[in-house]
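Colleague: Have a look at the structure that comes next, please.
The values are calculated or read from the model by the stated rules, or taken from the named source; none is laboratory data. On a predicted model such as this, the values are computed, not experimentally measured, just so you know. Methodologically, a virtual Cβ is constructed for each residue, glycine included, from the backbone with ideal geometry; neighbour enumeration extends over all protein chains shown. Remember, those area values only see protein heavy atoms, side chains included, never the ligands or the DNA or RNA. Shrake-Rupley method; radii C 1.70, N 1.55, O 1.52, S 1.80 Å.
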Amino acid sequence: MPTASHSNPASFNESQGSKRLYLPGFDYMRVFFMVSVIAGHVNLITGLAAKRAGEIGPGPNFWDHFYFDVQSTAVPSFILISTLLFCVKPVTWESTLKRLTKLGYLYIFWASAWIVHSKPILKPGVLGLIELILRGGGWLFYFIAVLILMTLLTAGISALKGRWRVLGYAASLGMLLATVLWVSHDHHWTKGSYYWVPTCFALLPCFALWLAPRMESLIEDRASRLRLAAGLLACGVVAALVEWHFSAPGSLIDESRKWVPKHARFSIHFDAAMIVVLSLGIRCKPGWIVSFLARNALGIYCLHGFIVGGVVKGVGLVLGGRFPALLLPLGIVATVCVCSLGAEFLRRAFRERLV
């Protein structure tokens, strides 16, 4: 998700520092994928997939493909946007330390709040503690741990030159490949949750470092932008076809409908990169609603896990059993509204030192 250091509308400075370029597409992407994440957490898409399966029989259907091939690009896209903005200026150890400090405060506050709220059960041993830390105290805030580790990986690769940087890219590729093979062995992903494993996202720093020096040309050159997006889309489609070829058998599928791994896949990395590249061509500045939600996207994400269940129940009470198809969509809208106002309040409260 967007980090504290990039929660304002996406922008970056040229190397001369004389001109400031505004990237409105990043605001649209933040809002779209923030809503997409909340929709995933209330099981909107998987619910539609299960309903469709009841109509046409078992096996992956349109909504399963939508969930794994579209909705699952949300977190990788957020991480790529945040990492790309970090790479636009020269990556130094000073800028890395500053970013890690902000992410550290973000992690400590929200992971601690989530642990107090959810009281997770700690698995025994050192590995159990490491998993708890990497999952951000449970499941909701794993993305902050991922951002911290991807920041370190980005800084490490950016410090390399020439063939050593190529080796750094190859090492990141190898980490993702090893994760895919590990999770895929004997359909391992169907027996547990591995969406949070940091190495699932190891290829994103490579995309960010490669795209950063090319951003201005991609913004200005529509033909180059579309060619690159088409190439990334082709890679994503080919990878997805291979991944779905090895999807889990129906006998291993439960209500979570884990046909393929959520994040340990190459296709969604290519898809996330394609989405970010295409968003560079958006010229239309967002209206005040999108700008307001984009500014609060981080806060909405961090807050929604605490209240989304109660909000959906409240919407259900208001509807009184009528219009069941509207329950989850209205619940998502209500959650976004409440959390955006909550994010504004918390920001002002901290600024005024009321907390």
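Colleague: Which numbered condition in (1) more than 15 Å from Thr83 (Cα to Cα); (2) open to solvent by 20 Å² or more (accessible area, probe 1.4 Å) is the only one that Gly136 fails?
Modeller: Going through (1) more than 15 Å from Thr83 (Cα to Cα); (2) open to solvent by 20 Å² or more (accessible area, probe 1.4 Å) one by one, Gly136 breaks only (2).
Colleague: Does segment 293-320 hold any residues that are under 19 Å from Leu330 (Cα atoms) and not aliphatic (A, V, I, L, M), and which are they?
Modeller: Correct list: Tyr301, His304, Gly305, Phe306, Gly309, Gly310, Lys313, Gly314, Gly316, Gly320.
Colleague: Quick one: which of Leu149, Leu122, Leu103 is at pLDDT below 95 and over 14 Å from Gly305 (Cα atoms)?
Modeller: Criteria check complete, one pass: Leu122.
Colleague: On to the next question. Return the residues of segment 64-118 that are within 30 Å of Glu243 (Cα to Cα) and over 18 Å from the mean Cα position of the chain (by Cα); say none if nothing qualifies.
Modeller: Hit for segment 64-118 is Asp64, nothing else.
Colleague: Moving on. Does Leu209 qualify as being touching a residue at least 12 places away in the same chain (Cβ under 8 Å), open to solvent by 60 Å² or more (accessible area, probe 1.4 Å) and either within 26 Å of Leu97 (Cβ to Cβ) or of a type in the set (Asp, Glu) (or both)?
Modeller: Against the criterion (touching a residue at least 12 places away in the same chain (Cβ under 8 Å), open to solvent by 60 Å² or more (accessible area, probe 1.4 Å) and either within 26 Å of Leu97 (Cβ to Cβ) or of a type in the set (Asp, Glu) (or both)), Leu209 does not qualify.
Colleague: Is it true that some residue in segment 279-288 is open to solvent by 40 Å² or more (accessible area, probe 1.4 Å), in contact with a Gly (Cβ under 7 Å, 6 or more places away or on another chain) and part of a helix (DSSP H, G or I)?
Modeller: For segment 279-288, residues open to solvent by 40 Å² or more (accessible area, probe 1.4 Å), in contact with a Gly (Cβ under 7 Å, 6 or more places away or on another chain) and part of a helix (DSSP H, G or I): absent.
This table checks each residue for (1) in contact (Cβ under 8 Å) with a residue 12 or more places away in the chain; (2) in contact with a Ser or Thr (Cβ under 9 Å, 6 or more places away or on another chain); (3) open to solvent by 60 Å² or more (accessible area, probe 1.4 Å).
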{"position": "Arg163", "(1), (2), (3)": "no, no, yes"}
{"position": "Leu167", "(1), (2), (3)": "no, no, yes"}
{"position": "Met175", "(1), (2), (3)": "yes, yes, yes"}
{"position": "Val180", "(1), (2), (3)": "yes, no, no"}
{"position": "Trp189", "(1), (2), (3)": "yes, no, no"}
{"position": "Tyr195", "(1), (2), (3)": "yes, yes, no"}
{"position": "Thr199", "(1), (2), (3)": "yes, yes, no"}
{"position": "Ala202", "(1), (2), (3)": "yes, yes, no"}
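Colleague: Taking interchain pairs and intrachain pairs at least six residues apart, which have beta carbon atoms under 7 angstrom, with the first residue in segment 36-51 and assigned to a helix (DSSP H, G or I) and the second surrounded by fewer than 20 Cβ atoms within 10 Å (Cβ to Cβ) and acidic (Asp, Glu)?
Modeller: Within 7 Å, the pairs are Ala50/Glu255.
Colleague: Being more than 23 Å from the chain's Cα centre (by Cα) and part of a helix (DSSP H, G or I) narrows it down to one residue among Gly305, Gly316; which is it?
Modeller: Gly316
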